[in-house]
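The values are calculated or read from the model by the stated rules, or taken from the named source; none is laboratory data. All of these numbers come straight from a predicted model, not from anything done at the bench. In this analysis, Cβ positions are derived from the backbone assuming ideal geometry, glycine residues included, and neighbour counts consider all displayed protein chains.
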Amino acid sequence: MEMSSKQYPQSGVSGQASVNSGADNLAKAGSDDLQTSNVIDFEGYYIGNMEMLADVDTVSNYLDSHQSWFTRCAQPMDVKPIGHNGYAISLGRFGTLNFQVQPKIGLHLLPQNKGVYRIETIPVPGHEPEGYDVDFRAAMSLAENRQQELPVEQATHVEWELNLQTKVHIPKFIQALPQSLVKASGDKLLNQIVRQISKRLTRKVQEDFHTMMNLPLPGRRNRP
């Protein structure tokens, strides 16, 4: 299967998401500060791509009809529609350092604009996040691909990028831990969210499209 992804911090060094603690609150917090939650911002930038073995128009028509495949491709996550182009997604339980969250976020799949598809965060009706806040901003673009090694005459190269910011309310018992430990734990949480929503969804959309169109998956040879 032809699909790849990379992740970068805002500083441009590959391999980890980045964290901003504002001022060094964890190291300098006094006893009064430890009585309340401290908010830490974790930021990450991710890019990826995949090949679709069909022309751009066919791929666009499929993506435009996300109501017919998004819920199916997002499994095993629980997904509920919000209006015509939005979805509420329950990601499951994540935790580290004896601190757990069960994030649920709303995503708005904007109609394409000149071949570019964007996804933004929207509120989930009746849901108030506890201990976290996620800002998910993704863009996906389509381009014709006529490489000779592909098994079809026409193919579409899909590139996506994701800017993700997560605000985590750190409880007082964690504020006393070393900031490096809290940072590493936050990076892990952020990357888990990315794997759930972005990488897994990208792979399953690619598989779903080629199955519906009765096409072979890129990079996978048919057995005789």
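Residues that are touching a strand residue (DSSP E or B) at 6+ places or on another chain (Cβ under 9 Å), buried (at least 17 other Cβ atoms within 10 Å of the Cβ) and modelled with pLDDT of 50 or more number at least 2 in the following helices (runs of 4 or more DSSP H) confined to segment 1-114: 56-64, 70-74.
Results for (1) out of contact with any Lys or Arg (no Cβ under 9 Å at 6 or more places or on another chain); (2) not in a helix (DSSP H, G or I), shown as yes or no for each residue.
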site: 127; (1), (2): no, yes
site: 140; (1), (2): no, yes
site: 158; (1), (2): yes, yes
site: 168; (1), (2): yes, yes
site: 184; (1), (2): yes, no
site: 190; (1), (2): yes, no
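Candidates in segment 167-192 are the residues that are among the small types (Gly, Ala, Ser) and either crowded, with 16+ Cβ neighbours inside 10 Å or closer than 27 Å to residue 137 by Cβ (or both); of these, the one that is modelled with the highest pLDDT is 184. Evaluating residue 195 against the criteria (1) surrounded by 16 or more Cβ atoms within 10 Å (Cβ to Cβ); (2) at pLDDT below 75 leaves one unmet condition, (1).
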